[in-house]
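**Q** Mind having a look at this structure? Questions to follow.
The values are calculated or read from the model by the stated rules, or taken from the named source; none is laboratory data. If you're wondering where the values come from, they're calculated on a predicted model, not measured in any experiment. No Cβ is skipped: glycine too gets one built from the backbone with ideal geometry, and neighbour counts run over all protein chains shown. Accessible surface areas use protein heavy atoms only, side chains included; no ligands, DNA or RNA. Shrake-Rupley method; radii C 1.70, N 1.55, O 1.52, S 1.80 Å.
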Amino acid sequence: MSWSTREIAELAGTSLRAVRHYHEVGLLAEPERRANGYKQYGVPHLVRLLRVKRLVDLGFSLNQIAETVDEGEHPGQALRTLDAELAATIERLQRARLELATLIEQRAPADLPAELTPGEATVLSETDRSLLLVMTRLMNGEQLQAYGALVRNLPAHPINREFDELPADAGEPIRQDLVERMVPYLRRLRQDHPDLPDLYTDGPRGEKFVRETMETVLRELYNPAQLDVLHRTHVIVDEPTQLRPGRNATERR
(Lines give C-alpha, C1' and ligand atoms only; values in the text may rest on other atoms or scores of the structure.)
Protein backbone atom coordinates (compact mmCIF):
# COMPACT_ATOMS: atom_id res chain seq x y z
CA MET A 1 0.00 0.00 0.00
CA SER A 2 1.17 3.52 -0.71
CA TRP A 3 -0.08 6.99 0.07
CA SER A 4 -0.13 10.32 -1.70
CA THR A 5 1.46 13.41 -0.13
CA ARG A 6 -1.89 14.61 1.15
CA GLU A 7 -2.78 11.19 2.54
CA ILE A 8 0.48 10.67 4.40
CA ALA A 9 0.31 14.20 5.81
CA GLU A 10 -3.19 13.56 7.16
CA LEU A 11 -2.17 10.16 8.52
CA ALA A 12 0.81 11.65 10.35
CA GLY A 13 -1.19 14.59 11.66
CA THR A 14 0.81 17.25 9.88
CA SER A 15 0.42 19.48 6.83
CA LEU A 16 1.30 19.27 3.16
CA ARG A 17 3.54 22.27 3.63
CA ALA A 18 5.42 20.56 6.48
CA VAL A 19 5.98 17.38 4.44
CA ARG A 20 7.34 19.38 1.52
CA HIS A 21 9.59 21.38 3.86
CA TYR A 22 10.97 18.18 5.39
CA HIS A 23 11.88 17.08 1.87
CA GLU A 24 13.64 20.41 1.23
CA VAL A 25 15.77 20.24 4.38
CA GLY A 26 16.59 16.56 3.99
CA LEU A 27 14.63 15.15 6.92
CA LEU A 28 12.36 13.08 4.70
CA ALA A 29 13.54 11.29 1.56
CA GLU A 30 11.68 11.88 -1.68
CA PRO A 31 9.56 8.81 -2.58
CA GLU A 32 9.25 7.20 -5.96
CA ARG A 33 6.57 8.43 -8.31
CA ARG A 34 3.77 6.60 -9.99
CA ALA A 35 3.42 6.50 -13.75
CA ASN A 36 1.16 9.53 -13.54
CA GLY A 37 3.91 11.50 -11.78
CA TYR A 38 2.36 11.51 -8.32
CA LYS A 39 4.52 10.61 -5.32
CA GLN A 40 3.84 7.31 -3.59
CA TYR A 41 4.85 7.08 0.06
CA GLY A 42 5.37 3.76 1.81
CA VAL A 43 5.52 2.61 5.43
CA PRO A 44 9.18 3.69 5.93
CA HIS A 45 8.21 7.23 4.92
CA LEU A 46 5.29 7.19 7.35
CA VAL A 47 7.44 5.93 10.21
CA ARG A 48 10.09 8.54 9.48
CA LEU A 49 7.49 11.29 9.27
CA LEU A 50 5.92 10.20 12.58
CA ARG A 51 9.32 10.32 14.27
CA VAL A 52 10.00 13.80 12.94
CA LYS A 53 6.52 14.95 13.95
CA ARG A 54 7.03 13.61 17.47
CA LEU A 55 10.26 15.54 17.92
CA VAL A 56 8.70 18.69 16.47
CA ASP A 57 5.87 18.41 18.99
CA LEU A 58 8.41 18.08 21.81
CA GLY A 59 9.97 21.35 20.74
CA PHE A 60 13.07 20.24 18.87
CA SER A 61 14.33 22.51 16.11
CA LEU A 62 14.77 20.96 12.67
CA ASN A 63 18.55 21.11 13.09
CA GLN A 64 18.28 19.21 16.36
CA ILE A 65 15.97 16.67 14.74
CA ALA A 66 18.46 16.09 11.94
CA GLU A 67 21.07 15.23 14.57
CA THR A 68 18.87 12.94 16.69
CA VAL A 69 16.18 11.35 14.55
CA ASP A 70 18.47 8.55 13.39
CA GLU A 71 20.02 7.83 16.78
CA GLY A 72 19.33 4.32 17.92
CA GLU A 73 20.01 5.09 21.57
CA HIS A 74 18.23 7.38 23.98
CA PRO A 75 19.17 10.98 22.95
CA GLY A 76 19.86 12.05 26.52
CA GLN A 77 22.04 15.08 25.84
CA ALA A 78 19.67 16.44 23.20
CA LEU A 79 16.74 16.04 25.59
CA ARG A 80 18.61 17.77 28.40
CA THR A 81 19.51 20.64 26.09
CA LEU A 82 15.90 21.01 25.01
CA ASP A 83 14.73 20.86 28.62
CA ALA A 84 17.09 23.72 29.54
CA GLU A 85 15.81 25.77 26.60
CA LEU A 86 12.21 25.16 27.60
CA ALA A 87 12.98 26.11 31.22
CA ALA A 88 14.47 29.40 30.02
CA THR A 89 11.41 30.02 27.85
CA ILE A 90 9.06 29.32 30.76
CA GLU A 91 11.04 31.72 32.98
CA ARG A 92 10.85 34.40 30.28
CA LEU A 93 7.10 33.91 29.90
CA GLN A 94 6.58 34.07 33.65
CA ARG A 95 8.46 37.37 33.79
CA ALA A 96 6.33 38.62 30.91
CA ARG A 97 3.16 37.68 32.78
CA LEU A 98 4.33 39.57 35.86
CA GLU A 99 5.03 42.63 33.72
CA LEU A 100 1.64 42.33 32.05
CA ALA A 101 -0.05 42.14 35.46
CA THR A 102 1.74 45.33 36.50
CA LEU A 103 0.81 47.10 33.27
CA ILE A 104 -2.84 46.10 33.66
CA GLU A 105 -3.02 47.07 37.32
CA GLN A 106 -1.26 50.41 36.90
CA ARG A 107 -2.81 51.17 33.51
CA ALA A 108 0.74 51.81 32.30
CA PRO A 109 1.91 52.25 28.69
CA ALA A 110 2.86 48.91 27.17
CA ASP A 111 5.80 50.26 25.18
CA LEU A 112 7.85 51.15 28.26
CA PRO A 113 9.35 48.73 30.81
CA ALA A 114 7.46 48.40 34.07
CA GLU A 115 10.32 50.20 35.85
CA LEU A 116 9.57 53.33 33.79
CA THR A 117 5.84 53.44 34.45
CA PRO A 118 4.93 57.15 34.77
CA GLY A 119 3.32 58.43 37.94
CA GLU A 120 -0.24 59.73 37.97
CA ALA A 121 0.94 63.34 37.73
CA THR A 122 3.55 62.61 35.08
CA VAL A 123 2.72 63.75 31.57
CA LEU A 124 4.98 62.33 28.85
CA SER A 125 4.79 63.51 25.29
CA GLU A 126 5.27 61.11 22.40
CA THR A 127 8.78 62.52 22.02
CA ASP A 128 9.56 61.89 25.70
CA ARG A 129 8.37 58.31 25.46
CA SER A 130 10.42 57.71 22.33
CA LEU A 131 13.50 59.05 24.09
CA LEU A 132 12.90 56.90 27.17
CA LEU A 133 12.38 53.83 25.03
CA VAL A 134 15.77 54.29 23.36
CA MET A 135 17.39 54.97 26.73
CA THR A 136 16.23 51.61 28.05
CA ARG A 137 18.62 49.96 25.58
CA LEU A 138 21.53 52.00 26.92
CA MET A 139 21.01 51.56 30.68
CA ASN A 140 21.88 48.85 33.16
CA GLY A 141 19.44 47.63 35.80
CA GLU A 142 20.53 50.15 38.44
CA GLN A 143 20.18 53.03 36.03
CA LEU A 144 16.76 51.81 34.93
CA GLN A 145 15.54 51.76 38.53
CA ALA A 146 16.93 55.23 39.21
CA TYR A 147 15.42 56.80 36.11
CA GLY A 148 12.17 54.99 36.89
CA ALA A 149 11.99 56.76 40.24
CA LEU A 150 12.51 60.05 38.42
CA VAL A 151 9.77 59.36 35.87
CA ARG A 152 7.29 58.26 38.55
CA ASN A 153 7.82 61.44 40.54
CA LEU A 154 8.07 64.07 37.83
CA PRO A 155 5.86 66.99 38.87
CA ALA A 156 3.50 68.43 36.30
CA HIS A 157 4.67 71.80 35.06
CA PRO A 158 3.27 74.09 32.31
CA ILE A 159 6.77 74.74 30.99
CA ASN A 160 6.89 71.22 29.62
CA ARG A 161 4.17 71.95 27.11
CA GLU A 162 5.85 75.21 26.13
CA PHE A 163 9.04 73.31 25.40
CA ASP A 164 7.18 70.65 23.39
CA GLU A 165 5.51 73.34 21.28
CA LEU A 166 8.61 75.49 20.78
CA PRO A 167 8.94 76.09 17.01
CA ALA A 168 12.22 75.50 15.25
CA ASP A 169 12.45 79.18 14.26
CA ALA A 170 11.78 80.53 17.76
CA GLY A 171 13.61 83.83 18.27
CA GLU A 172 16.31 84.57 20.82
CA PRO A 173 14.02 86.31 23.37
CA ILE A 174 11.64 83.32 23.43
CA ARG A 175 14.48 80.83 23.83
CA GLN A 176 16.18 82.80 26.60
CA ASP A 177 12.92 83.28 28.48
CA LEU A 178 12.25 79.54 28.34
CA VAL A 179 15.77 78.76 29.57
CA GLU A 180 15.43 81.10 32.54
CA ARG A 181 12.18 79.47 33.59
CA MET A 182 13.42 75.91 33.05
CA VAL A 183 16.55 76.31 35.16
CA PRO A 184 14.87 76.45 38.60
CA TYR A 185 12.61 73.56 37.66
CA LEU A 186 15.57 71.42 36.62
CA ARG A 187 17.54 72.39 39.71
CA ARG A 188 14.69 71.25 41.90
CA LEU A 189 14.65 67.89 40.12
CA ARG A 190 18.38 67.52 40.73
CA GLN A 191 17.86 68.24 44.41
CA ASP A 192 15.06 65.66 44.62
CA HIS A 193 17.18 63.02 42.81
CA PRO A 194 20.80 63.69 43.82
CA ASP A 195 21.91 60.10 43.20
CA LEU A 196 20.65 59.84 39.64
CA PRO A 197 23.39 57.95 37.72
CA ASP A 198 24.99 59.49 34.66
CA LEU A 199 23.77 57.82 31.48
CA TYR A 200 27.13 58.19 29.76
CA THR A 201 29.82 57.35 32.31
CA ASP A 202 27.84 54.56 33.97
CA GLY A 203 26.30 52.96 30.86
CA PRO A 204 27.09 49.30 30.13
CA ARG A 205 27.90 49.99 26.46
CA GLY A 206 30.53 52.60 27.06
CA GLU A 207 30.48 56.38 26.95
CA LYS A 208 31.34 56.75 23.24
CA PHE A 209 28.55 54.45 22.04
CA VAL A 210 25.96 55.98 24.37
CA ARG A 211 26.93 59.54 23.48
CA GLU A 212 26.82 58.93 19.73
CA THR A 213 23.48 57.12 19.99
CA MET A 214 21.87 59.80 22.13
CA GLU A 215 23.13 62.64 19.98
CA THR A 216 21.67 60.97 16.90
CA VAL A 217 18.34 60.33 18.61
CA LEU A 218 18.07 63.86 20.02
CA ARG A 219 18.75 65.43 16.62
CA GLU A 220 15.85 63.40 15.22
CA LEU A 221 13.42 63.99 18.11
CA TYR A 222 13.99 67.68 18.87
CA ASN A 223 14.17 70.70 16.60
CA PRO A 224 17.16 73.11 16.65
CA ALA A 225 15.47 75.59 18.99
CA GLN A 226 14.64 72.87 21.53
CA LEU A 227 18.19 71.50 21.40
CA ASP A 228 19.54 75.00 21.93
CA VAL A 229 17.32 75.50 25.00
CA LEU A 230 18.38 72.13 26.43
CA HIS A 231 22.03 72.98 25.93
CA ARG A 232 21.77 76.40 27.56
CA THR A 233 19.83 75.01 30.48
CA HIS A 234 22.38 72.29 30.98
CA VAL A 235 25.30 74.74 30.94
CA ILE A 236 23.68 76.87 33.63
CA VAL A 237 22.64 73.99 35.88
CA ASP A 238 25.67 71.71 35.60
CA GLU A 239 28.39 74.03 34.27
CA PRO A 240 30.13 71.42 32.01
CA THR A 241 30.73 72.66 28.49
CA GLN A 242 29.49 69.45 26.83
CA LEU A 243 25.81 68.65 26.62
CA ARG A 244 24.71 65.41 28.26
CA PRO A 245 21.27 65.16 26.64
CA GLY A 246 20.28 61.76 28.00
CA ARG A 247 19.96 63.11 31.53
CA ASN A 248 18.92 66.69 30.79
CA ALA A 249 16.19 65.95 28.26
CA THR A 250 14.54 63.49 30.59
CA GLU A 251 14.88 65.51 33.77
CA ARG A 252 13.13 68.55 32.35
CA ARG A 253 9.96 66.51 32.68
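**Q** Based on the Cβ-Cβ distance of residue 88 and residue 34, what FRET efficiency does E = 1/(1 + (r/R0)^6) give at R0 = 35 Å, to the nearest 0.05?
**A** According to the calculation, E is roughly 0.15.
**Q** Work out the length of the dipole vector of the chain about its Cα centre, built from +1 on the beta-carbon of each Lys and Arg and -1 on the beta-carbon of each Asp and Glu, and round it to the nearest 20 debye.
**A** Dipole of the chain, to the nearest 20 debye: 800 debye.
**Q** Using only the C-alpha atoms of the stretch 1-53, find the volume of their convex hull and express it per residue in Å³.
**A** In the stretch 1-53, the Cα convex hull volume per residue is 69 Å³.
**Q** Quick one: go through the stretch 160-177 and flag any residue whose amide nitrogen is under 11 Å from the point 7 Å out along the Cα-to-Cβ line of residue 133.
**A** none
**Q** Would you be so kind as to identify which of 163, 124, 201 lies farthest towards the positive end of the dipole of the stretch 113-211, taking Lys and Arg as +1 and Asp and Glu as -1 on Cβ and the Cα centre as origin?
**A** 201
**Q** Output needed for the stretch 84-220: three equivalent-ellipsoid semi-axes, defined as square roots of 5 times the C-alpha gyration tensor eigenvalues, in descending order, whole Å.
**A** Equivalent ellipsoid semi-axes, largest first: 31, 18, 15 Å.
**Q** In the Gaussian network model of the chain, springs joining C-alpha atoms below 10 Å, which of 205, 232, 34 carries the largest mean-square fluctuation?
**A** 34
**Q** Can you give the Kirkwood hydrodynamic radius for the stretch 1-114, in Å, rounded to one decimal and based on Cα pairs?
**A** 17.0 Å
**Q** Further, regarding this structure: Please report, as a whole percent, how much of the solvent-accessible surface of the chain comes from carbon and sulfur atoms (probe radius 1.4 Å).
**A** 51 percent
**Q** Something else now. If you build the Cα gyration tensor of the chain and take the root of 5 times each eigenvalue, what three semi-axes come out, in whole angstrom, biggest first?
**A** Listed largest to smallest, the semi-axes of the chain are 60, 20, 17 Å.
**Q** Report the extension gain between residue 54 and residue 17 in nm, rounded to one decimal, defined as 0.36 nm multiplied by the number of residues separating them, less their alpha carbon distance.
**A** Here the segment from residue 54 to residue 17 would lengthen by 11.7 nm.
**Q** Can you pull a Stokes-Einstein diffusion coefficient for the stretch 71-157 at 20 °C (1.002 mPa s), Rh from Kirkwood over Cα pairs, as a whole number of µm²/s?
**A** Rounded, D is 139 µm²/s.
**Q** As I understand it, the value is the acute angle between the Cα axis of helix 172-192 and the longest principal axis of the Cα atoms of the chain; what does it come to in degrees, rounded to 10?
**A** Tilt of helix 172-192: around 70 degrees.
**Q** If I stretch the segment between residue 190 and residue 208 completely, what's the gain in nm (0.36 nm per residue apart, minus their alpha carbon distance), one decimal?
**A** Full extension of this stretch gives 4.1 nm more.
**Q** Mind ranking 120-133, 156-169 by how tightly packed they are, going by the mean number of other C-beta atoms within 10 angstrom, highest first?
**A** Listed from highest to lowest mean packing, they are 120-133, 156-169.
**Q** Now for a separate question. Provide, in order from the shortest bin, the percent of all Cα-Cα pairs of the stretch 95-144 in each 5 Å bin, continuing until the bin that contains the maximum pair distance.
**A** Per 5 Å bin, starting at zero, the Cα-Cα P(r) for the stretch 95-144 comes out as 4, 20, 29, 25, 19, 3 percent.
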